Structures are given as C-alpha cells and as structure tokens.
Amino acid sequence: MHTASTKPYILRALYEWCIDQGFTPYVAVVVDAHTDVPNEYVKDGQIILNIGPEAVHQLQMGNDVVRCAARFGGVARTLHIPVVNIAAIYARENGHGMAFDVAADKASLAQVVEERDVTPQSDPPRSPSGSSRPRLTRVK
C-alpha cells in the first residue's frame, strides 16, 4: 500500500510559518501542461509566485493541487498548481524554506499511478533551469 506524500503537509506548514513570522511566502513552480499560471511570466520553464494573503485570494492548499486567484498586470487570474510541480517554498525576506525534487516527485507519482493501473495525468519529469532558483537554507 502506498503512503501519502508528506509534501503537501510540509508546504502548508512552511506557509503558516512564513505568515506567523510576518514573512512573504513564495513558491517556485515548474510549469507544464497541467499547470495553469500566466505563461507570459514563465521563465525557463518556471514561475515564482507570491502566495501571501495580500497577493492571492481564496488560497486552497490541497494534497494534490494548490488553487488561488491573483492579479497579474491588473488582470484577475485563477491559478491551478499541481503539488508535484512545486519546486520550493521559501520566505522572500530571508530565503529560508525548502526545495523539492520535482522530477523525483513526478516519478513517484507515476509509479503510484502505474501500481493502480491508471493512465498517468502528468507529463514526464523535466528539469527546470537553475538560473532563477532562490537561495534556500534549512528551516530551524
């Protein structure tokens, strides 16, 4: 039997930690066909998003998907981000947070799907460019 991923729980915990500390939570997202974000802001296959309460509305951090509404250039958008596509969550002010191996997450998801004999719903893993990655440190 497959155990549920700890990733969505860690994401929610680090989000709450950022808010409690007065920091701004950012996420780095690997963009693929299953990620609904404004493509004009995607760079090197990634987008960095402020998911703080002042930046987004109706934030729902589920076990499989993060959903919210945000404005980009004054235009309201609904974002749909698969949890497996989140490469990092960190505080803008000090860079503290956690990075995740998206390729490994997608490979693990593919294995679970295969075990359940279901057709995969995600693209094969692909590596994001490291050029726009935040400076991450261990959470204390």
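The values are calculated or read from the model by the stated rules, or taken from the named source; none is laboratory data. Owing to the predicted nature of the structure, the values given are computational and were not obtained by experimental measurement. For neighbour counting, all protein chains shown are included, and Cβ atoms are generated from backbone atoms with ideal geometry for every residue, glycine included.
Some points to look at:
- Residue count for region 27-53 under the criterion of being touching a residue at least 60 places away in the same chain (Cβ under 8 Å), of a type outside the set (Lys, Arg) and closer than 22 Å to residue 97 by Cα: the result is 7.
- Residue check for residue 82: touching a His at 6+ places or on another chain (Cβ under 8 Å) and at pLDDT 95 or above: yes
- Qualifying residue in region 7-18 (condition: in contact with a His (Cβ under 6 Å, 6 or more places away or on another chain) and either over 16 Å from residue 98 (Cβ atoms) or not in a loop (DSSP other than H, G, I, E, B) (or both)): no
- Test: residue in region 113-126 that is at pLDDT 95 or above, more than 13 Å from residue 30 (Cα to Cα), surrounded by 12 or more Cβ atoms within 10 Å (Cβ to Cβ) and of a type outside the set (Val, Ile, Thr): no
Results for (1) under 15 Å from residue 31 (Cβ atoms); (2) in contact with an Asp or Glu (Cβ under 9 Å, 6 or more places away or on another chain); (3) in a strand (DSSP E or B), shown as yes or no for each residue.
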| residue | (1), (2), (3) |
| --- | --- |
| 71 | no, no, yes |
| 76 | no, no, yes |
| 81 | yes, yes, yes |
| 89 | no, no, yes |
| 93 | no, no, no |
| 98 | no, no, yes |
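- Members of region 22-43 found to be surrounded by fewer than 13 Cβ atoms within 10 Å (Cβ to Cβ) and assigned to a loop (DSSP other than H, G, I, E, B), listed by number: 22, 33
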